[in-house]
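Data first, discussion second: the structure below is written as structure tokens.
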Amino acid sequence: KVFGAACAVLAVCAIVLTTGCGGKKEIKQEPIAVNAPDWVNKGSGAFKDASGSGIIYGVGLVTGIKNRALSVSTADARARAEVAKVLDSMVSILQKDYMASTTGGAMTQSSEEQHVSQTMKTFTEVSLSGAVIIDHWKDPTDETLFSLAKLDLEAIQKTLDTAKDLDPQVRDFIRGNAQKSFNELAQEQAKNKQAQ
């Protein structure tokens, strides 16, 4: 009887210990670079500034290139490529919403889909011309050069006015829905970072 009671007590203790320790573990992500500006460790993505305006940041980096001019231009190009990736995600949301609104959910008109897809591609290319390099930082430990590119929604809206190649109907839709698509992307990105 004593042995059975001891086993029962041990079993209860084991259950309490495993239940008490079974919470969600918080994984602390290591910084990319110590003593770096915040943007280096934050990385690329869709963010909001203090006023709530949408901004897309792209962080590019290069290491091992001794020629300074080549190093800077490579890091800058990679930062712009990161902006393009984030912008492509936003455009995918816009395109899905546009097709849903114009076809009522039954996407059967493949020529219209191709036309919208091409228009959105043009929009991405035109918008990227508004991406500017706003900062550089060199890691003193390994000489990695980081570059920060910025594209804000205000710049995207301005490019819409000058983009003559864009279909007027699609342009109006983008103008009216860019902020909504940006917000969806920022929320999705925040969820993904929390899950990591």
Step by step: first the residues of the range 156-167, then only those that are of a type outside the set (Val, Ile, Thr) and over 17 Å from MET99 (Cβ atoms), then the one that is most open to solvent (accessible area, probe 1.4 Å). Which residue is that? LYS164
Selection count where residues are open to solvent by 60 Å² or more (accessible area, probe 1.4 Å), under 21 Å from the mean Cα position of the chain (by Cα) and not acidic (Asp, Glu), scope the range 113-149: 5
Condition check for VAL170: under 24 Å from ALA79 (Cα atoms) and modelled with pLDDT under 85: no
Please identify the pairs in which a residue from the range 179-193 that is closer than 12 Å to VAL86 by Cα has its Cβ atom under 7 Å from the Cβ atom of a residue that is surrounded by 12 or more Cβ atoms within 10 Å (Cβ to Cβ) and hydroxyl-bearing (Ser, Thr, Tyr), counting only partners at least 6 apart or on another chain. LEU185/SER89
What about SER181, is it at pLDDT 75 or above and in contact with a strand residue (DSSP E or B) (Cβ under 9 Å, 6 or more places away or on another chain)? no
Given the residues VAL91, VAL16, VAL72, VAL34, which is the only one that is over 30 Å from THR119 (Cβ atoms), open to solvent by less than 90 Å² (accessible area, probe 1.4 Å) and either of a type in the set (Val, Ile, Thr) or at pLDDT 75 or above (or both)? VAL72
If I filter the range 168-180 for residues that are open to solvent by 30 Å² or more (accessible area, probe 1.4 Å) and of a type in the set (Val, Ile, Thr), do I get at least one hit? no
Search the range 43-69 for residues that are touching a residue at least 12 places away in the same chain (Cβ under 8 Å) and open to solvent by 50 Å² or more (accessible area, probe 1.4 Å) and pair each with any residue that is outside any loop (DSSP other than H, G, I, E, B) and of a type in the set (Phe, Trp, Tyr) when their beta-carbon atoms are under 9 Å apart and the residues are at least 6 apart or on different chains. LYS48/PHE182; TYR57/TRP39; TYR57/PHE47; LEU61/PHE146
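The values are calculated or read from the model by the stated rules, or taken from the named source; none is laboratory data. In this text the structure is predicted, and so the values were computed from the model without any measurement. Because the Cβ atoms are built from the backbone with ideal geometry, glycine has one as well, and the counts that use them run over all protein chains shown. Please note that ligands, DNA and RNA were not included when accessible areas were found on the heavy atoms of the full protein model with its side chains. Shrake-Rupley method; radii C 1.70, N 1.55, O 1.52, S 1.80 Å.
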